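Read the structure below first, then the notes.
The values are calculated or read from the model by the stated rules, or taken from the named source; none is laboratory data. Since this is a predicted model, take the numbers as computed values, not measurements. Virtual Cβ from ideal backbone geometry, glycine too; neighbours counted across all protein chains shown. Only protein heavy atoms, including side chains, enter the accessible area calculation; ligands, DNA and RNA are left aside. Shrake-Rupley method; radii C 1.70, N 1.55, O 1.52, S 1.80 Å.
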Amino acid sequence: MMSDTLDTSPASIPEDKRDKANSTPEPVLSKKARKRMMKQEYMKTISKDRKVMARARQKENKKSRKHQLMIHLQQLDHQLKILDDNNSDTPSSSSSSSSAASSSSSSSLSSDHHLDISPDDKHISLPPSVLLQDRSVLLDMKKKIEQEFEAFRIVKKRKKRQEGDLAYAGTIAIDMQFTDQMTEKEINSLVSQVQYIYAVNRRAAQPLKVHLTQVKSLLPSLEKVDGFRSWNLQLDDASYLDVFPRDRLVYLSSDSPHVMESFDASKVYIIGGIVDRNRLKGISYDKAVSQGIATAQLPIGAYLKMATRKILAVNHVYEIMLRISENG
């Protein structure tokens, strides 16, 4: 006798339907969120197009300038040749041959080597006041043109500094634990500050080793920035307590009673990754005290004049630390 009950065990469900049943539904974005995402993608496309167009214009301008320099050199060589021919003539016929050569050279240049030079061209040009007899002026102009032309041929590319080539002056850890207490606007501002820190650190003669600790929650926002993965930053999912020895840690906070007197390269200075709107006042100092970590406040008076409470953006704190490390 057949049973009327249905078999609903997992084995009885087809595999394709079983995967669909177990999968979590995709989040439904609001109309405002979809518009924001579309705008971001559009701005990325526009930015890339502008970079491509700028490189194309730069390449075209360089090609045009090289062509101008070549014609300048042809003009000068032609005038110097005429001058040498005139000097080889007899003294009696020098004045007549000079005038004839001058007229013939000007007509030759206007017909065979015509160059329309822009009035705002600040580079080397051939003013009409330069006479064929002034050989030293012509030679000096030719030398300058050859130097500029040679500069186009020698393309100097800045070598990207590799990790092993860097001599770090110290270590900075940016504590990213507070992102869950910030708004989306504040998180975007924090991402911009991290991007600025990377740019400043990249240009520094003696950069600081920068760690982003507990960065996992901020990664989705950082990933939206083009080229983020190529930044020379150390990404740590773990807390700074798990990355560094506790006795090396110094948490920077304006609430600390201790003023930093000098930069110690053996220490790891922690910056709270907070976009402070006075809503999270004292949170980083309280955290450091509860963890038994040394604290210090920056000697801001030596670098900035502030009339109100000493609250700085993350990138400003980093820049001051970079300057302190340079000054010792």
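Accessible surface computed residue by residue for the stretch 168-242, with neighbouring protein chains in place and a 1.4 Å probe, gives 46 Å² per residue. Among the GluC sites (Glu not before Pro) in the stretch 184-275, those located in a DSSP loop and surrounded by at most 16 other Cβ atoms within 10 Å of their own Cβ are Glu223, Glu261.
Here the stretch 169-257 exposes an accessible surface that is 47 percent carbon and sulfur, computed with a 1.4 Å probe and the other protein chains kept in place.
Could you work out the local net charge near Ala238, counting Lys and Arg as +1, Asp and Glu as -1, over the other residues with Cβ closer than 15 Å to its Cβ? Mind showing how you got there, number by number?
On the way: positive: Lys216, Arg246; negative: Asp175, Asp236, Asp237, Asp242.
Around Ala238, the surrounding residues sum to -2.
In terms of distances greater than 23 angstrom between alpha carbons, the cross-link table entries Lys224/Lys267; Lys31/Lys224; Lys48/Lys209 yield Lys224/Lys267; Lys48/Lys209.
Structure note, pairs Lys51/Lys144; Lys35/Lys281; Lys39/Lys185: Cα-Cα distances above 26 angstrom occur for Lys51/Lys144; Lys35/Lys281.
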